[in-house]
Amino acid sequence: MAAAAIHQFAECITCHAWSPDQSMIAFCPNNHEVHIYKFFTDKWEKLHVLSKHDQIVSGIDWSNSSNKIVTVSHDRNSYVWTQEGSDWIPTLVILKLNRAALCVQWSPKENKFAVGSGAKSVCICYYEQENNWWISKVIRKRHESSVTSLAWHPNNIYLATTSTDGKCRVFSTFIKGVDTRGSQSSTSTNSKFGEQIAQLDLSSTWVFGVRWSPSGKTLAYAGHNSMVYVIDEVESSPVAQNLTLRDLPLRDVLFVSERTLVGVGFDCNPMIFAADDTGLWSFVRFLDEMKAAPSASKASQLSEALGKLYGQSKQGASSDTVEPSKARGGAHENCITCIVPLRKGSDGTIKRFSTSGL
């Protein structure tokens, strides 16, 4: 299948996030601004420009229940944006960072969010009602390099991180007064803030794009050595599988179900991975399959053949936003840096997702 819809909002998109009803999209056009677009009948129109940051915005997340946007930037700051009437009002978050903030994500209950940074630390931010501000508790001295991605466990306590030190780690983020101790997740709530639950030293290269499966039983992340790592039973006795790719490295992954994983990265084409009945993971196919036009020239046929050699396919059929003459083919022409779930089925599986790239 090909992409259901292709929209070029900017020459380069760093990251993006959707509103709760998915009628609006917020993205960074590779600068210090965040643009918010809304879909009207047959086209997207720009509604707002959030321009509080001084340097490139590296992370955006839009909460589902509270309708708040959190942004982080290389300027070491984070803002929580609240809509009041037709305006978005920023609130500064106290991060205490001396290096760039690189990624951000709301927790499942949206009572806190995590910020990964180039300061080898992770900030867990929460709202303090008494003083009417957002403050953070910092997990320090655990990472040996920059934190590249974050993923919250469904229990709202565990947080997985990846780093350019080649390791994936899982921490407890239990904060007294913010999280409640429940019987169902007693193991996670008994751990202290910042306690390291697991450290996965599977890669000798930078690692990116960590995600939990819908049940929280499986963890996956990508290495810059063109490998994908899938780990079961992370908390008790981790069992890891390493998938070696013949293509370019991935930058982000997403579980669409317990047994299906989508990876995106430098091949500019989403890749599907699946687990069989025995739990063995393998690459299935590229998602954005394109067919060559019947009247393709010899040069384009050669380009297609070379593309297939490198696991790519030639764009043949013309569309409104993708030129048929480009050699990369498919929806994206450069590295895909972000994949976001859009619609979930009744069984929790993701039926639709969006990707953005350079």
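The values are calculated or read from the model by the stated rules, or taken from the named source; none is laboratory data. Just so you know, these numbers come straight off a predicted model, no measurement behind them. Counting neighbours? That spans all protein chains shown, and the Cβs are built from the backbone with ideal geometry, glycine included. Each accessible area value is taken on the protein alone, full model and side chains, heavy atoms only, with ligands, DNA and RNA left out. Shrake-Rupley method; radii C 1.70, N 1.55, O 1.52, S 1.80 Å.
Rg/Rh, computed from the Cα trace of the chain with Rh as the Kirkwood radius, has the value 0.97. For segment 59-99, the convex hull spanned by the alpha carbon atoms encloses 71 Å³ per residue. Starting from a Cα-only point model with no solvent, please compute log10 I(q)/I(0) by Debye for segment 79-167 at q = 0.11, 0.16, 0.26 1/Å. At q = 0.11, 0.16, 0.26 Å⁻¹ the computed log10 ratios are -0.32, -0.65, -1.34. Converting phi to 3J(HN,Hα) with the Karplus coefficients 6.51, -1.76 and 1.60 and the offset θ = phi - 60°, segment 266-278 yields 6, 7, 6, 8, x, 10, 9, 10, 9, 9, 7, 5, 8 Hz in sequence order, with x at every glycine or proline.
Rg and Dmax of segment 196-295, both derived from C-alpha coordinates alone, stand at 14.3, 59 Å.
Considering only the other residues whose Cβ falls under 9 Å of the Cβ of residue 266, what net charge follows from Lys and Arg at +1 and Asp and Glu at -1? So the environment of residue 266 carries a net charge of -1. Taking the square roots of 5 times each eigenvalue of the Cα gyration tensor of segment 83-225, largest first, gives ellipsoid semi-axes of 24, 19, 14 Å. In whole Hz, with x marking every Gly and Pro, tabulate ³J(HN,Hα) for segment 158-165 from phi via Karplus 6.51 cos²θ - 1.76 cosθ + 1.60, θ = phi - 60°. Once rounded to whole Hz, the list reads 6, 10, 9, 10, 10, 9, 6, 8. Only protein heavy atoms count here; on that basis, with a 1.4 Å probe, residue 137 has an accessible area of about 80 Å².
Cα gyration tensor of segment 39-83, axes a ≥ b ≥ c as square roots of the eigenvalues: rounded (a/c below 1.5), prolate (a/b > b/c) or oblate? It comes out oblate by the Cα gyration axes. Exceedance of the 28 Å cut-off in Cα-Cα distance is limited, within the set 68/344; 96/351; 167/351; 52/217; 43/351; 176/344, to 96/351; 167/351; 52/217; 176/344. In order along segment 23-39, the phi-based Karplus estimate (6.51 cos²θ - 1.76 cosθ + 1.60, θ = phi - 60°) of 3J(HN,Hα) comes to 8, 10, 10, 10, 8, 9, x, 6, 8, 8, 9, 10, 9, 10, 10, 10, 8 Hz; Gly and Pro are listed as x. Angle of helix 298-309 to the longest C-alpha principal axis of the chain, folded into 0 to 90 degrees and rounded to 10: 40°. Ranked by solvent-accessible area (1.4 Å probe, protein heavy atoms only, all chains present), the residues 271, 24 order from largest to smallest as 24, 271.
In segment 38-114, the convex hull through the Cα atoms has an average projected area of 6.0 nm², a quarter of its surface area. Label-to-label distance, residue 47 versus residue 5, with points set 7 angstrom from Cα along the beta-carbon direction: 1.4 nm.
Near the amide H of residue 77, within less than 5 Å, lie the amide hydrogens of 101, all on another chain or at least 5 residues away, with H placed in the peptide plane. Per-residue ellipticity at 222 nm from helix content only, as computed over the chain with -39500 (n - 2.57) for each DSSP H run of at least four residues, stands at -1000 deg cm²/dmol.
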